[in-house]
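Structure record follows, encoded as structure tokens.
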Amino acid sequence: MPRFKGKPSAKYSAAALISKGIRRTSWPRAWGEHELENRYDVVIIGAGVHGLATAYYLAANHGITKVAVLDKSYLGGGGSGRNTAIVRSNYLTPEGVAFYDRSLALYNSMAQDLNINVMFSERGHLTLAHTDSALRTMRWRAEVNKLQKIDSEVIGPDKVGELVPSLDVRPTTRYPILGALYHPPGGTIRHDTVNWGYARGADAFGVQIHQRTTVVDILVEGGDGPDGKGPGGRVTGVKTTGGDIAADVVVNCTAGWASIISAMAGVRLPITTHPLQAAVTEPVKTFLPAVVVSGSLHVYVSQTDRGELVFGASVDPFATYSMRGSLDFTEELASHVLELMPGVSRMRLLRQWAGLCDMTPDYSPVMGFTPVEGFLCDVGWGTYGFKAGPVSGEQMAELIATGTTPTLLEPFSYRRFADGNLVGEKGAAAVGH
Ligand code: PYC
């Protein structure tokens, strides 16, 4: 085989490419900036993955392009950019499994669909069981999953050790690993790129994204409430820091502020908001080939392509809008990770952060119509929001375009709390809450 001799041409050296790339001033903008108009067909509140995906599918699948996506901060700055980028479909309820399975399919084809490298890594997902009751739940999930043709099975400690050699699978540990739910199609994806891909795609169809535009009120007329809002009313638009906008359809795609935004329309949501903290270590050589979750030890961990370990835990046990990290979290996280993987004891934690999770009583979202005509919700995502972004956008767009609730959305209606048809998904939460 001919061997390369001599130095690479200076023109193509890494230093030259990097410096040219950085200095280049003509990169096309991925999405544009616009003057706020005074009317849109659809106003979407929240430029996270749910809002952006809804806008994208409205335009791409239904030709509805007179759409504004508003965000009080920057695009992807909420839960969509703060999560641990895990995707999976091994849920507990048949409704949840079908929903997330569609999301995973959309994540699988996203690089081609949006023409952007989302770095989807189908590396497999293991939920460890340390007790007989946890093992029972894993078996239950595996059966529900298999009935819906989801690749998911319970495996024993030996197989766990083979798949992830850094896990301590000895039976003598304090919390011995009795088995795991193994879900090969689960993995990770680059969360920011998913947001950017949907934003760029929506923008190309003419959708307008307005960052730093806060919704301060939702305009409703004819409602039962003293202010004319609430059940029986009809949405007419929104009041923002950039001016009033008229719209027949307003969609709440926020996380963290979902109940506050809905209250502006006179719609009460059964949601409490909790911070969820995460942390990342310094990068090291790749050694963790799968996503590992331990519900009993309140931890999930995966390794990024850069080599960092990304950890998360359960939501903080108090309701607040604060996103401050805490020493309690770090200490607990470190001690639990070391129970599982003693070998990482000398790795250093680089940083930690938090996002906000809107928790519903059954750990399932609230999607679709509300008692205020034209005011729709895609909220209440708890700790599952990022992984549901694509399917939520696709299905919400269909609902808006056709006026009919698609089958995948039916179980998650606002009505279910009054009808008593809860979709209990707590057993599939990555960690016990
Ligand atoms: O449900 O897989 C999950 C998850 C990971 C991080 C937060 N939730």
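The values are calculated or read from the model by the stated rules, or taken from the named source; none is laboratory data. None of these values were measured; they are calculated from a predicted model. Every residue, glycine as well, gets a Cβ built from its backbone with ideal geometry; the counts of neighbours run over all protein chains shown. Accessible surface areas use protein heavy atoms only, side chains included; no ligands, DNA or RNA. Shrake-Rupley method; radii C 1.70, N 1.55, O 1.52, S 1.80 Å.
Given that compact globular proteins tend to follow 2.2 N^0.38 Å, what is the ratio of the alpha-carbon Rg of segment 182-232 to that value?
Details: Rg = 19.4 Å, N = 51, 2.2 N^0.38 = 9.8 Å.
Its radius of gyration relative to the 2.2 N^0.38 Å reference: 1.98.
Sequence neighbours fewer than 8 away in the same chain don't count; with that in mind, list the aspartates and glutamates whose C-alpha is under 14 Å from LYS285.
Candidates past the 8-residue exclusion: ASP305, GLU308.
Rank SER109, LEU70, GLY385 by how far each Cα sits towards the positive end of the charge dipole of the chain (+1 on Lys, Arg Cβ; -1 on Asp, Glu Cβ) and give me just the farthest.
About the Cα centre, the residue reaching furthest to the positive side is SER109.
How big is the equivalent ellipsoid of segment 189-266 along its three axes, where each semi-axis is √(5λ) from the Cα gyration tensor, reported in whole Å from largest to smallest? Before the final figure, lay out the partial values.
Numbers: eigenvalues 158, 40, 25 Å².
The equivalent ellipsoid of segment 189-266 has semi-axes of 28, 14, 11 Å.
As an exercise, find the ratio Rg/Rh for segment 272-334 from alpha-carbon atoms, using the Kirkwood inverse-distance average for Rh.
Details: Rg = 12.8 Å, Rh = 12.7 Å.
In segment 272-334, Rg relative to Rh is 1.01.
Measuring from centroid to centroid over Cα atoms, what is the spacing of segment 136-214 and segment 362-405 in Å?
The distance from the Cα centre of segment 136-214 to that of segment 362-405 comes to 22 Å.
Specify which residue in the list GLY374, SER296, HIS336 is farthest towards the positive end of the charge dipole of segment 280-374, using unit charges on the beta carbon of Lys, Arg (+1) and Asp, Glu (-1), about the Cα centre.
Of the options given, the answer is HIS336.
Taking the chain as a Gaussian network, Cα atoms linked when under 10 Å apart, which of PRO28, PRO231, PRO171 shows the biggest mean-square fluctuation?
PRO28
Between segment 235-294 and segment 108-134, what is the C-alpha centre distance in whole Å?
Their Cα centres are 21 Å away from one another.
If you roll a 1.4 Å probe over segment 250-396 with all protein chains in place, what percent of the accessible area is carbon or sulfur? Don't jump to the answer; show the numbers that get you there.
Working: 3030 of 5410 Å².
The nonpolar share, carbon plus sulfur, comes to 56 percent.
Averaging over all projection directions, find the projected area of the Cα convex hull of segment 105-212 and quote it in nm² with one decimal place. Write out the running numbers ahead of the final one.
Details: hull surface 40.1 nm².
One quarter of the hull surface, i.e. the mean projection, equals 10.0 nm².
Tell me the relative contact order for segment 68-122 as a rounded percent, counting alpha carbon contacts under 8 Å between residues six or more apart. Mind dumping the intermediate values first?
Details: 20 pairs, mean separation 10.2, N = 55.
It rounds to 19 percent for segment 68-122.
Taking the Cβ of GLU282 as the centre, find all other residues whose Cβ is under 13 Å away and add up their charges (Lys, Arg: +1; Asp, Glu: -1).
On the way: positive: LYS285, ARG306, ARG346, ARG348, ARG351; negative: GLU308.
Combined, the nearby Lys, Arg, Asp and Glu give +4.
For LYS72, go through the aspartates and glutamates and keep the ones whose alpha-carbon is under 13 Å away, minus same-chain ones fewer than eight residues off.
ASP217
Looking at segment 336-411, what % of the alpha carbon pairs are farther apart than 15 Å? Before the final figure, lay out each step's value.
Values: 1897 of 2850 pairs.
Tail of P(r) above 15 Å: 67 percent of Cα pairs.
Please state the charge dipole magnitude for segment 304-386, taken about the Cα centre, from unit charges on C-beta atoms (+1 on K and R, -1 on D and E), reported in debye and rounded to the nearest 20.
On the way: 5 positive and 11 negative charges, 90 e Å.
Value, rounded to 20: 440 debye.
If you count only protein heavy atoms and use a 1.4 Å probe, how large is the accessible surface of GLU308, to the nearest 10 Å²?
Looks like 20 Å² after rounding.
Distance from a point 7 Å along Cα→Cβ of ASP151 to each backbone N in segment 162-193: keep the residues under 14 Å and list them by number.
182-188
Given a 1.4 angstrom probe, I'd like the percentage of the accessible area of segment 151-200 that is carbon and sulfur, rounded to a whole number. Spell out each step's value before the answer.
Working: 1120 of 2150 Å².
Carbon-and-sulfur percentage of accessible area, whole number: 52.
State, as an integer percentage, the relative contact order of the chain based on alpha-carbon contacts under 8 Å between residues 6 or more apart.
Working: 993 pairs, mean separation 95.4, N = 433.
Dividing the mean separation by the residue count of the chain yields 22 percent.
Rolling a 1.4 Å sphere over the protein heavy atoms, what is the accessible area per residue of the chain, to the nearest Å²? Can you show the working numbers first?
On the way: 19590 Å² over 433 residues.
I get 45 Å² per residue for this part.
Using the Karplus curve 6.51 cos²θ - 1.76 cosθ + 1.60 with θ = phi - 60°, work out ³J(HN,Hα) for each residue of segment 122-132 in order, rounded to whole Hz, and write x for Gly and Pro.
So the J values, rounded to whole Hz, are 7, 9, x, 9, 10, 9, 6, 10, 10, 9, 4.
Lys/Arg Cβ at +1, Asp/Glu Cβ at -1, dipole of the chain taken about the Cα centre: which of ALA204, LEU167, LEU36 is farthest positive-ward?
Of the candidates, LEU167 comes out farthest on the positive side.
How much space per residue, in cubic angstrom, does the convex hull of the C-alpha atoms of segment 35-94 take up?
On the way: hull volume 7.7 nm³, N = 60.
Dividing the Cα hull volume of segment 35-94 by its residue count gives 128 Å³.
Which residues among segment 271-312 fall inside the zone where the amide N is under 18 Å from a point 7 Å beyond the Cα of ARG346, along Cα→Cβ?
So the set is 281-288, 308-309.
Cα-based Rg of the chain per 2.2 N^0.38 Å, rounded to two decimals? Provide the component values of the computation, followed by the final result.
Details: Rg = 22.7 Å, N = 433, 2.2 N^0.38 = 22.1 Å.
Cα Rg divided by the expected 2.2 N^0.38 Å: 1.03.
Please quote Rg/Rh for segment 297-433 to two decimal places, taking the Kirkwood radius as Rh and restricting both calculations to Cα atoms.
Result for segment 297-433 is an Rg/Rh of 1.06.
For the cross-link pairs LYS387/LYS426; LYS146/LYS387; LYS66/LYS387, which exceed 23 Å when the distance is taken from alpha carbon to alpha carbon?
Details: LYS387/LYS426 16 Å; LYS146/LYS387 20 Å; LYS66/LYS387 27 Å.
As for pairs spanning more than 23 Å Cα to Cα, those are LYS66/LYS387.
Using Cα-Cα distances under 8 Å and only pairs 6 or more residues apart, what relative contact order does segment 283-385 have, in percent?
Working: 113 pairs, mean separation 17.6, N = 103.
Contact order relative to length: 17 percent.
Go from 0 up to the bin containing the longest alpha carbon distance in segment 52-133, width 10 Å each, and give me the % of pairs per bin.
13, 34, 37, 12, 4, 0
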